[in-house]
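Just below is one structure, and these are the notes that go with it.
The values are calculated or read from the model by the stated rules, or taken from the named source; none is laboratory data. Keep in mind that what you see is a predicted model, and the values were worked out from it rather than measured. No Cβ is skipped: glycine too gets one built from the backbone with ideal geometry, and neighbour counts run over all protein chains shown. Note: areas computed on protein heavy atoms with side chains; ligands, DNA, RNA excluded. Shrake-Rupley method; radii C 1.70, N 1.55, O 1.52, S 1.80 Å.
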Amino acid sequence: MISFSSLDIIVIILFFSVLLTVGFVTSRKTKNDSEDYLLSNRKMGLFLFVLVSVSTWYGGIIGVGEFTYRYGLVSWFTQGFPYYFFAFLFAIFFAKKIREASLFTIPDKLGEVYGKKVGLASAVVVFILVSPSPYLLMTANLISIVFGTSILTSLIISLILSGSYLIRGGFRSNIYADAFQFFVMFAGFIIILVISIFSFGGFEFLESNLPQTHLSITGGTSPAFILVWFLIALWTFADPGFHQRSYAAKSGDIAKKGILISIIFFALFDFLTTSTGLYAKAVLPDLSQPMMAYPLFAEKILGSGLKGIFYAAMFATIISTLNSFLFLSATTIGRDLIFRIKKDSKEENIKSFTVIGIAVTGILSILIAIMIPSVVEIWYTIGSLFIPGIILPVISAYYPRLRISPKLIITEILFAISFGMMWFDFRKSLSGMLSEIEPMIMGLFVAIIIHTIGLLRKSFSLDK
């Protein structure tokens with residue numbers, strides 16, 4: 001049973017109050033033109049770039065706690081290390097190119113290179129991939145734990161906390177709200193880890209009280225399991241958040257350096273969260289609900305006030321991603337769908353279209369969270385099915401030698417996703433190794449085949 005003192009509640013409410021204040025105060029400087037509203041006039045400096053990149057990277061904090069509790073260090077090896085690797089490649093090979101393009105979104109680039117149809121098709125895919133539903137659900141679950149509200153009420157409160165200031169302030173409010181949450185999330189996890197070390201001891205305690213596999217980076221899992229998670233990390237190349245921040249940076253050098261510096265903070269925060277999860281397993285070895293590893297561990301070792309700070313840190317970790325995905329999703333609706341489809345659209349309409357996008361995304365996210373009340377299921381379904389359709393088109397858009405015909409690109413997007421969907425259901429009727437092949441692997445396989453055919457046709461026509 002989790003209980004909260006008056007001081008804990010005051011700390012959490014204070015966090016929410018400061019978050020909203022930062023969001024609304026910074027919104028006063030936002031103008032209505034698309035450059036300012038969507039990308040803060042492309043003037044994001046290195047300091048803010050790093051704070052925002054790190055804070056928006058960790059929305060699934062409850063899932064990290066559960067994964068580490070169940071499997072140990074393999075959580076870091078699958079959820080951390082692959083993303084450092086691909087983030088490094090993104091910084092080296094894409095960040096400057098994206099900033100030099102001076103566009104707004106991934107569908108902007110794909111539309112520029114491959115035409116309007118591909119731009120619209122990719123906009124639908126991106127909209128699905130940046131669904132804030134999982135993060136809205138996690139925030140709502142924490143609110144329910146703290147305040148005892150119903151899930152529907154908690155979902156509505158979560159939406160207000162993450163999206164209200166975006167309506168007026170756009171990306172600028174998003175930036176400063178996330179920058180504030182960066183410091184809160186680090187403070188909370190530093191506090192709980194320091195107290196854990198002083199209360200129970202260091203590595204020797206963990207070594208004596210954890211299953212042996214928990215301190216192995218592979219955790220006794222199969223190479224196929226590790227491979228799947230590395231493939232999922234390919235998502236980094238098509239992460240709309242990375243593209244958005246690169247477009248918003250003052251220069252290509254800031255975008256590149258910002259991502260490289262962020263990787264250091266990714267590793268530091270992973271150290272804090274993974275260590276906390278390991279202590280939770282060592283101290284509370286028989287939890288019936290591993291998803292509650294962090295909250296129940298905090299209940300055991302943190303006193304009044306400190307527990308409030310730790311909950312504020314969990315809220316900050318989730319909401320910083322929630323508001324970013326909410327705004328990305330709204331931008332996709334406003335700029336990449338309504339603006340492109342509506343024939344008499346003008347640039348000055350972008351803000352009103354994006355506000356419509358915030359409302360539509362918010363309502364859809366609440367409905368999805370109610371219909372699929374499982375964060376893991378939402379993540380797995382969306383990621384496995386839709387990432388394969390967008391990876392190669394995005395990479396090829398920035399490297400002309402890898403481009404293929406627009407017809408084949410749209411075929412690649414549709415077939416990779418459709419085949420993954422079919423395999424998602426079909427493999428349930430199979431047995432043995434075939435039943436263990438993930439839909440994402442099949443989707444990527446189809447995408448690679450179609451893209452390779454396109455490159456061979458292109459090469460053959462050039463040779464002739």
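Table for the structure above
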| read-out | value |
| --- | --- |
| Cα-projected label distance for Phe225 with Phe88, points at 7 Å along beta-carbon direction, nm | 2.5 |
| Net charge contributed by nearby residues that have their C-beta within less than 13 Å of Met185 (K/R +1, D/E -1) | -2 |
| Whichever lysines have a C-alpha closer than 23 Å to that of Lys300, once near sequence neighbours (fewer than 8 apart) are set aside | Lys281 |
| Where labels lie 7 Å past Cα in the beta-carbon direction, separation of Leu152 and Leu414 in nm | 3.9 |
| Cβ-derived FRET efficiency at R0 41 Å, Arg340 paired with Arg401, nearest 0.05 | 0.90 |
| Alpha-carbon radius of gyration plus Dmax, which is the widest Cα pair, for the stretch 118-265 in Å | 20.0, 57 |
| FRET efficiency, 1/(1 + (r/R0)^6) with R0 25 Å, evaluated for Ser288 and Leu430 via beta carbons | 0.20 |
| Whole-number accessible area per residue in Å² for the stretch 1-151, which is evaluated in the context of all protein chains at 1.4 Å | 38 |
| Alpha carbon convex hull of the chain, projected area averaged over orientations, nm² | 22.5 |
| Angle between the chain longest axis and helix 46-55 axis [Cα atoms, degrees, rounded to 10] | 70 |
| The stretch 41-88: C-alpha gyration tensor shape, a/c 1.5 cut-off, then a/b vs b/c | prolate |
| Under 16 Å from the Cα of Lys257 - aspartates and glutamates, other chains or at least 8 residues apart | Glu100 |
| Using θ = phi - 60° and Karplus 6.51 cos²θ - 1.76 cosθ + 1.60, couplings along the stretch 314-330 (whole Hz; Gly, Pro as x) | 5, 4, 4, 5, 7, 5, 4, 7, 4, 5, 5, 5, 4, 6, 4, 5, 5 |
| Accessible surface, the stretch 287-445, averaged per residue in Å² (probe 1.4 Å) | 43 |
| Restricting the stretch 321-359 to chymotrypsin sites (Phe, Trp or Tyr not before Pro) in coil, as DSSP defines it, with at most 14 other Cβ within 10 Å | none |
| Two-site label geometry, Met1 and Met371: point separation in nm, points 7 Å out along Cα→Cβ | 3.8 |
| Cα-Cα over 25 Å, subset of Lys31/Lys346; Lys29/Lys117; Lys346/Lys407; Lys29/Lys116; Lys256/Lys407 | Lys29/Lys117; Lys346/Lys407; Lys29/Lys116; Lys256/Lys407 |
| The chain - percent of accessible surface contributed by carbon and sulfur, probe 1.4 Å | 69 |
